[in-house]
1. Restricted to segment 1-55, and to residues that are part of a helix (DSSP H, G or I) and charged (D, E, K, R), which residue is farthest from Pro88 (Cα to Cα)?
2. Scan segment 388-407 residue by residue and report those that are at pLDDT below 85 and not in a helix (DSSP H, G or I).
3. Anything in segment 393-418 that is within 23 Å of the chain's Cα centre (by Cα), surrounded by 15 or more Cβ atoms within 10 Å (Cβ to Cβ) and touching a residue at least 60 places away in the same chain (Cβ under 8 Å)? List them, or say none.
4. If Gly60 passes every condition in (1) in a helix (DSSP H, G or I); (2) out of contact with any strand residue (DSSP E or B) (no Cβ under 8 Å at 6 or more places or on another chain); (3) at pLDDT 95 or above but one, which one does it miss?
5. Run down Arg300, Arg331, Arg321, Arg242 and say which single residue is more than 25 Å from the chain's Cα centre (by Cα), on the phi < 0 side of the Ramachandran plot and part of a helix (DSSP H, G or I).
6. List the number of the failed condition for Gly201; all other conditions in (1) among the small types (Gly, Ala, Ser); (2) closer than 24 Å to His74 by Cβ; (3) over 16 Å from the mean Cα position of the chain (by Cα) hold.
7. Can you find a residue that is exposed (fewer than 15 other Cβ atoms within 10 Å of the Cβ) and either at pLDDT 95 or above or assigned to a helix (DSSP H, G or I) (or both) anywhere in segment 274-281?
8. Report the residue count in segment 283-318 for those that are more than 20 Å from Ile356 (Cα to Cα), in contact (Cβ under 8 Å) with a residue 24 or more places away in the chain and surrounded by 15 or more Cβ atoms within 10 Å (Cβ to Cβ).
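The values are calculated or read from the model by the stated rules, or taken from the named source; none is laboratory data. Just so you know, these numbers come straight off a predicted model, no measurement behind them. Positions of Cβ are generated from backbone atoms using ideal geometry, with glycine treated the same way; all protein chains shown enter the neighbour counts.
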Amino acid sequence: MDTHDAISRHLDLDYTHPVRDPIWKNIHLSDPLLKLIDTAPYRQLSRIKQLGPAYLVYPGATHTRLSHSLGVFHLAKRIIKTLVSISPDSILTVDGVKAFLTAALLHDLGHFPYTHSFKELPLTEHESLTGELVLESPVREILRDEVRVDPHLVSAVVDEGADHTADPQLAFFRNVLSGALDPDKLDYLNRDAYFCGVPYGEQDIDFALSRIFPVWDKGIGLDVTGISAVENILFSKYLMYRAVYWHRTVRVATAMIKKAVYLALREEVIAPSALYGLDDELFFLTLDRAQFDAFDLIERVYDRQLYRPVFETPFDEQNPRHRELESLDARAALEERIAERLAARARGRFGPESVIVDVPERISFEVSIPVRDGEQVMPYPESDTVFTPQVVADFTATLRKIRLIVHPGLTSHVHDAAELLEL
């Protein structure tokens with residue numbers, strides 16, 4: 001049996017245990033993978049909401065990192081099966097495919113609680129934490145003895161900082177797991193839209209996968225007839241950011257959590273390591289406001305007693321002051337100055353935690369997937385797509401907004417927000 005047939009046989013016959021899923025219906029796992037999802041690190045993903053505080057706006061958004069991870073595995077398997085079926089000559093091996101699919105299943109193992117509230121903070125990236133967990137008991141032993149794959153390869157697929165570059169399949173697997181048509185994005189857009197009750201993230205997966213082909217040194221390529229599949233993903237991503245991920249209330253709650261953790265780390269109330277391995281409930285229980293005043297922000301989010309946005313303005317890429325505020329430290333210094341001025345007006349005790357300047361992180365709608373038109377292969381931006389560089393820039397510009405968010409007791413004292421922000 002040649003390698004192509006062995007991979008096909010593995011994909012067809014070795015995943016026999018169905019797990020019911022509202023998005024993909026049956027997700028089939030193997031016996032060893034069932035053992036993996038029963039480990040303590042994996043079960044903890046069932047206690048981390050996929051969208052963090054988005055449930056404050058969309059009550060149905062209580063789906064978890066565990067269900068998302070199963071979906072990513074399912075789509076990763078479909079992608080590999082498609083690529084192998086149309087290209088018998090490949091660099092792939094059965095062991096490599098098993099390692100990649102396991103990496104897809106485990107890709108969020110080290111994820112922080114409360115989704116992306118910890119972005120920008122001086123913490124180890126969750127991909128690196130995932131890579132470390134893969135190499136620890138009990139995951140390492142199950143991978144080695146039950147799945148029969150190299151744990152270091154699994155770790156390196158997720159963690160691009162891992163030193164395991166000898167395997168020629170590694171770059172391909174990394175590009176498939178993180179790209180324009182990657183299984184992570186295809187699952188979360190569909191899953192998040194479903195549980196939020198909005199139509200924006202829905203993708204035609206069957207059509208998208210029918211238009212891909214392998215580029216062994218770059219990951220996935222796209223036939224020119226499938227350009228609309230990528231455009232649909234980009235439109236969906238934009239609309240989901242606008243309506244869900246960066247909804248104003250979600251941004252307020254996320255900024256409050258980030259501010260509390262930032263101050264606690266800066267004042268050395270907690271060490272970074274104390275935040276690793278927490279789920280949503282443990283996070284709230286661990287950061288008790290009696291320990292540190294700023295933790296009141298976290299309790300307020302838990303009780304939906306949110307701060308109030310009192311001013312917003314589009315982020316201007318050409319404005320040096322706006323770019324300066326992308327720094328957490330610069331924002332913290334400004335927040336303290338504003339808090340002092342507003343507290344003096346209010347004649348009350350309002351600490352530095354009472355004012356937040358929120359600047360969403362940079363996001364990209366750029367796509368580098370190769371597009372094949374007959375014998376010609378070109379970069380996606382050079383293809384016949386509506387997503388020109390200017391459109392991509394406009395999408396980003398309409399989403400990013402600088403906001404001034406304050407304690408409810410200070411709202412009536414904000415008269416000159418632009419001056420306070422020194423804009």
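1. Among those residues, the one meeting the criterion is Arg47.
2. Within segment 388-407, Thr388 is the sole residue that qualifies.
3. Phe395, Leu399, Arg400, Lys401, Ile402, Arg403
4. Result: Gly60 passes all but (1).
5. When all the criteria are applied, what remains is Arg321.
6. The single condition Gly201 does not satisfy is (3).
7. Yes, segment 274-281 contains at least one residue that is exposed (fewer than 15 other Cβ atoms within 10 Å of the Cβ) and either at pLDDT 95 or above or assigned to a helix (DSSP H, G or I) (or both).
8. 1
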